[in-house]
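Derivation of every value follows stated rules applied to the coordinates shown; laboratory data play no part. Not measured: the values here are computed from a predicted model. Because the Cβ atoms are built from the backbone with ideal geometry, glycine has one as well, and the counts that use them run over all protein chains shown.
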Amino acid sequence: MRTPCHLLLATALFAPSVALAAADDATLKVENKFDGEAEVFVDGRFEGIARPDATTAFEVRTGRHEIVVDRPGTRFVLADAHLDLGCRQIVTLPVVAPLGSVRVQNQGEIALKIELGSNTVWLQPGTSMVVPVRTGNASLQASAHEPRGDWKAVERQLWVEPGQQASTTLKPDPTVIVVTNREPVPVRALLDGADAGWIQPGDSQRMWVHPGPTNVVLLDRNGRVLSTTPVVVAKGNDARVIVGGPLVAVVR
């Protein structure tokens with residue numbers, strides 16, 4: 001059975017002043033679901049720091065109080081509430097990470113599939129886009145497409161501050177295979193068996209691929225194999241395959 005506050009107060013009159021203060025205190029728990037620290041103010045007075053992704057307890061005098069939780073430095077308000085705190089009462093104030101945004105710019109040569117937060121968007125070369133995300137830590141992954149499927153071109157962590165727009169620039173080094181057709185007829189290119197399209201006589205086709213080994217097979221219209229060329233291309237390098245006359249495969 002909990003002792004009433006007025007009895008605790010009467011008992012505390014015969015004890016040190018510290019006991020008197022403790023008898024009246026309530027507990028405020030700030031449940032900070034944001035990835036960064038937050039400052040806690042009670043009636044405009046600084047009480048302390050709420051740890052990131054944790055619950056921090058503060059002893060507060062009973063009564064009605066205005067509680068403000070904000071970001072250090074920017075004073076962006078994460079939570080603002082008026083609470084009635086009773087004797088020895090425990091009250092939890094949740095602090096949720098607010099929405100923010102990231103401007104993503106693609107300065108590369110190829111379209112990128114951007115996965116950021118819960119959003120998935122395609123970003124063409126030379127363009128930018130603002131993507132809404134939860135503030136705090138955000139994981140960005142950018143993938144490129146090639147005949148064999150998507151491959152991860154960029155992966156990075158971003159910090160998104162509440163009240164401010166974050167920005168990031170993507171410019172992945174392309175890994176390229178260039179096929180030149182010196183045959184008098186069109187040829188069809190296969191990359192590890194995946195169709196990479198037709199190349200007309202005298203033309204070259206530039207194909208962005210994931211780094212590593214690739215088996216390049218060139219066929220005529222009847223499906224006859226004209227050449228098979230295994231190449232290994234490091235990230236940011238290119239390989240050149242020429243069909244017709246002497247077969248040439250150059251990696252640089």
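Give me a count of the residues in the range 108-143 that are under 29 Å from THR74 (Cβ atoms) and surrounded by fewer than 19 Cβ atoms within 10 Å (Cβ to Cβ). Going through the range 108-143 one residue at a time, the tally reaches 13. Only one of (1) closer than 16 Å to ASP35 by Cβ; (2) surrounded by 15 or more Cβ atoms within 10 Å (Cβ to Cβ); (3) in contact (Cβ under 8 Å) with a residue 40 or more places away in the chain fails for GLN164. Which number is that? (2) is the only condition that GLN164 fails.
When GLY223, GLY193, GLY202, GLY212 are checked against the criterion of being closer than 22 Å to GLU109 by Cβ, of a type outside the set (Phe, Trp, Tyr) and free of Cβ contacts under 8 Å to residues at least 60 places away in the same chain, GLY212 stands alone in meeting it. Among the residues examined, LEU93 does not qualify as surrounded by fewer than 18 Cβ atoms within 10 Å (Cβ to Cβ) and within 22 Å of ARG51 (Cα to Cα). Within the range 79-112, the set of residues being aliphatic (A, V, I, L, M) and over 22 Å from ALA26 (Cα atoms) comprises VAL96, ALA97, LEU99, VAL102, VAL104, ILE110, ALA111, LEU112.
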